[in-house]
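Visitor: Pasting in a structure now, in structure tokens, and then I'll have a few things to ask.
Rule-based calculations on the coordinates, nothing more; no lab input. Note that the structure is a prediction, hence the values are computed from the model and not measured. FYI the Cβ positions are ideal-geometry reconstructions off the backbone, even for glycines, and counts take in every protein chain you see.
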Amino acid sequence: MGLAALFDASGALKPLIHSVPLVAGCLALLFVIAVTVGAAPKSQIPSSRSPAAQEPITPIPPAPDTDPLKLALGERLFADPRLSHDGTLTYSSCHDVHSNGADSKRLRTARDGSVMTFNIPTVFNAALSFRLNWEGNVRTLEDQSESSLENAANLATNANEVLKKLDADPEMVRQFSQAYGGPPDRTSLLDAIATFERSLLTPGSRFDRWLSGDFVALSPEEQEGYQLFKSLGCVSCHQGVNIGGNLFERQGIFHPLASPPPEIVRVPSLRNVATTPPYFHDGSAPTLEEAVRRMGNAELDQTLSDAQIKAIVAFLDTLTGTYRGAPVTAASP
Amino acid sequence: MKVTPAAATIPILLLALSWLAFRAVDPEAERFDRALKALDRFTLMEIALHRDVLSARAGMLRNYDPLVRELNALRDALGRLRDNAAGDAEEAAAVDRFAAVAARQDELTEQFKSDNALLQNSLAYFRLLSAGLSASDRSSPLVPGVSALTAAMLQLTYDTSAAAAREVAERLSGLASQSLPTDAAASVHALLAHAGLLHDLLPATDGVLRALLAAPSQAELKTLRTMILERQAQSRATAREFRFLLYAASLVLLGVLAHLGLRLRARALALRRRAAFEHLIAGISTRLIDARAHEIGGQIDLALAELAAIFDADRAYLIVSGYLTRSHSWCKEGIAFPPNWPDRALALATDFANTEGVIHVPNIDRLPDGANKDVLAAAGLRGWACVSKF
């Protein structure tokens, strides 16, 4: 693209012809940029010789191309307190995209002082899951956004109330007009938020690099952990691009796992799992080691050894990806 | 402003032709094309789904993302069918029936994914445990029981009949009744737990798989496709009829246009002749007014010749009857007056002239038979125009 733009401008830039070294330097720079930009996504595409072609887990694809105006608007709305009834909460209050896309609390306290039923799942890579929430009762990010808006324990508002607030802000109306060709409405409001959430993918984990053919991205212990993850049958549920998030499963098959209900949960994604404690739908496992141990007991009817847990956790640590070039990190307590 | 009937006809004709043209292009063709495309997409995705569930059951497909994509594509195709049938209650009802079957297929696929994941998980663990127990101490009294259970389980993985399940149940009971060495108790309990799960899960999963593959989606799909194809055929036939009507209307309009053109041409010719005639009359009048007395006769002869030429007449004459009858005549070169002509014309004129004294016999042959016709024919006339002033 850089080269094309330069040639397009050649008619108006005739004096530059005299600056041949400068032009050559620019071309060389553009070439380097083009090669660098072009190479990044290619490394994520599994070739037939890379492990991804045979493995039950596939690398995270690049975020989808999207309208930058809608994306910017969605990002702004995600952190806008006007999207809560009393102006005290935002989507990012529960889903901090600067850390792990969730929070560090076991269970949040609702507005009425009661404790919420479910631990907050991360918004990172939510777009790759086939259903949303622990119960998997929501299919689309738009529906989930509206559900959160209307949930009395969360944002406790509704689209109409939010739209009235946004309509009173000329700058917001301008942004909506630029992105959607009209003033804010329910569809564009939810679409903007969902567009931003679809961009919240975290590619570039060490495991994805290994899948893509970078064989030194994982240490022998981590590779051993992955083999154990497969041989013990964990991969039966935690597979696919999101390492889970694509089926329902009964929790506590052999022994109780976490506080029921629900008996059936959407299998959670293990992407960035090392950064999203506490674990399980009730947030009852404070560490990854504890979660792995309890999963072994409840789902496999097996007491995993410390060495097995360590190896599996070592593998799970490799699933941490990057967002906007920075590694995903655990949320502050 | 007064609107003439002809002017009022134009917008009506325009509307009628526009309507004919609109119906002739089969306006619903795209709707049917979209519906059939959605049905094809559904069929394609359903085939892929069936292939992938079978692959997953066989352990060849090791993640469920393709199944998710296929179910999404099926839902998307259904949504398109539903949108497409919005204006047709019967078609919408058929889509709803089809959607109900597809929803059942969706449920069964989710059930299959959950069951198959559990099954693959237990199979993996069963394989691990049985291998471990068999390899730990080959002289252990547990080995025959574990081996027999493993063999029965292997049979059950590809033959989920009741007999195979009974065999596993028997082997399970046999192993469970054995006294367990302390060091192997935990492993055997886990093996029995997973084997018990597999004993129930393998036939159940295959049952779900059979139900999924036997879901009557193809029958409903065929019904819906037939309905859409029938509507498409009907729509095409109607469009053909309207195209024919449009063609017929075009021919009629062409005929009307040709007729109007001929009439216009005839009217233009008549006007041209009239103008030429009036121009001639004016010229003759001017010449007669300007003529001296001795020139009058010559001018009359010349006028007769000019008038005869304009009517393409063979003979022309002017008879002034009175005390002294005078006449002027002209005839085309090579043509002569019959005997007693044009004096005879005076007598005949009284018989033929209408109340205004005008005689116009365009063709003598078309006169009814009789004395008049015979007289005119005997005078060698083919047509006769005469203005009498008595």
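Visitor: Once both labels are modelled 7 Å past Cα along the beta-carbon direction, what's the residue B:213-residue B:266 spacing in nm?
Guide: Inter-label distance under the simple model: 8.3 nm.
Visitor: Also, quick follow-up: List residues of the stretch B:295-317, by number, whose backbone nitrogen lies under 12 Å from a label position 7 Å along Cα→C-beta of residue B:327.
Guide: Only B:316-317 fall inside the zone, counting backbone N under 12 Å.
Visitor: As an exercise, use a Förster radius of 25 Å and the Cβ-Cβ distance of residue B:127 and residue B:173 to find the FRET efficiency, rounded to the nearest 0.05.
Guide: Given R0 = 25 Å and the Cβ-Cβ separation, E is 0.75.
Visitor: Kindly state, to the nearest 0.05, the FRET efficiency for residue B:371 paired with residue B:301, given R0 = 56 Å and r defined as their beta-carbon distance.
Guide: Using R0 = 56 Å, I get an efficiency of 0.95.
Visitor: I would also like to ask the following. How high is the FRET efficiency between residue B:159 and residue A:88 when r is their beta carbon distance and R₀ equals 45 Å, given to the nearest 0.05?
Guide: Once rounded, the FRET efficiency stands at 0.15.
Visitor: Also: Set the bar at 32 Å for Cα to Cα. Now go through B:113/B:222; A:105/A:165; A:70/A:310; A:230/B:37; A:105/A:230; A:70/B:113 and name every pair that lies beyond it.
Guide: Going by Cα-Cα distance, A:70/A:310; A:230/B:37; A:70/B:113 fall outside the 32 Å limit.
Visitor: From the phi of every residue in the stretch B:297-314, what ³J(HN,Hα) in whole Hz does the Karplus formula 6.51 cos²θ - 1.76 cosθ + 1.60 yield, where θ is phi - 60° and glycine or proline is x?
Guide: Karplus-based 3J(HN,Hα) across the stretch B:297-314 equals x, x, 5, 5, 4, 5, 4, 4, 4, 5, 5, 4, 5, 5, 8, 6, 8, 7 Hz.
Visitor: Exactly which chymotrypsin sites (Phe, Trp or Tyr not before Pro) in the stretch A:138-229 are in a DSSP loop and have at most 11 other Cβ atoms within 10 Å?
Guide: Numbers: sites: A:176, A:180, A:196, A:207, A:210, A:215, A:226, A:229; in loops: A:215.
Those satisfying the criteria are A:215.
Visitor: Under 5 Å between amide hydrogens, which residues at least 5 positions from residue B:330 or on another chain qualify, with H placed 1.01 Å from N in the peptide plane?
Guide: Under 5 Å from the amide H of residue B:330: B:316, B:317.
Visitor: Residue B:332: which aspartates and glutamates have alpha carbons under 17 Å from its alpha carbon, excluding same-chain residues fewer than 8 sequence positions away?
Guide: Within reach: B:301, B:306, B:312, B:314.
Visitor: Relative contact order of the stretch A:68-198: what whole-number percent is it, with Cα pairs under 8 angstrom and at least 6 residues apart? Display every interim value, and only then the final one.
Guide: Numbers: 189 pairs, mean separation 41.8, N = 131.
Relative contact order of the stretch A:68-198: 32 percent.
Visitor: Right, here's the next one. With each pseudo-label sitting 7 Å past Cα toward Cβ, what's the residue A:139-residue B:385 distance in nm, one decimal?
Guide: 8.9
Visitor: Given the Cα-Cα distance of residue B:253 and residue B:358 and 0.36 nm per residue of separation, how much length would full extension add, in nm?
Guide: Numbers: separation 105, 0.36 × 105 = 37.80 nm, distance 4.03 nm.
Gain on stretching residue B:253 to residue B:358: 33.8 nm.
Visitor: If you don't mind, there's one more thing I want to ask. Label points 7 Å out from Cα along the Cβ direction at residue B:89 and residue A:289: separation in nm?
Guide: About 6.9 nm separates the two model spin labels.
Visitor: For residue A:135, list long-range residues whose amide hydrogen, built 1.01 Å from N in the peptide plane, is under 5 Å from its own amide hydrogen.
Guide: A:266
Visitor: So between residue B:226 and residue B:288, what do we pick up on full extension, going 0.36 nm a residue minus the alpha carbon distance?
Guide: Answer, rounded to one decimal: 13.2 nm.
Visitor: Need the full-extension length gain, residue A:65 to residue A:115, defined as separation in residues times 0.36 nm minus the C-alpha distance. One decimal, nm. Intermediate results must be reported in sequence, preceding the final value.
Guide: Numbers: separation 50, 0.36 × 50 = 18.00 nm, distance 3.88 nm.
Roughly 14.1 nm would be gained on extension.
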